[in-house]
Amino acid sequence: MTSRFTVLTVRPAGKQSLAAAQEAAGGRNRWNGVLPVQTLVVEWPHGLGLDHILMVSE
């Protein structure tokens with residue numbers, strides 16, 4: 001069995017990501033309001049299309 005990989009850059013959402021970004025910036029008042037970019041490595045089996053793995057909302 002073989003797999004394929006791709007690398008995506010994402011900005012995570014949620015309360016934990018928001019709190020971590022604010023804390024890393026030195027507090028809520030010093031935070032610029034932009035969540036940091038994270039790198040995501042995606043693997044999926046050969047023969048299965050990318051549209052079956054990722055759900056993108058517009």
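A search for C-beta distances below 6 Å between a residue of the stretch 1-23 that is free of Cβ contacts under 8 Å to residues at least 24 places away in the same chain and open to solvent by less than 60 Å² (accessible area, probe 1.4 Å) and any residue that is outside any strand (DSSP E or B) and not acidic (Asp, Glu), counting only pairs 6+ apart in sequence or on different chains, returns SER17/LEU35; ALA21/LEU35; GLN22/ARG28; GLN22/TRP31. Reported count of residues in the stretch 1-43, each being in contact with a strand residue (DSSP E or B) (Cβ under 6 Å, 6 or more places away or on another chain) and acidic (Asp, Glu), is 1.
The values are calculated or read from the model by the stated rules, or taken from the named source; none is laboratory data. What you are looking at is a predicted structure, and each value in this text was computed from that prediction instead of being measured. Because the Cβ atoms are built from the backbone with ideal geometry, glycine has one as well, and the counts that use them run over all protein chains shown. Surface accessibility is based on the protein's heavy atoms, side chains included, excluding ligands, DNA and RNA. Shrake-Rupley method; radii C 1.70, N 1.55, O 1.52, S 1.80 Å.
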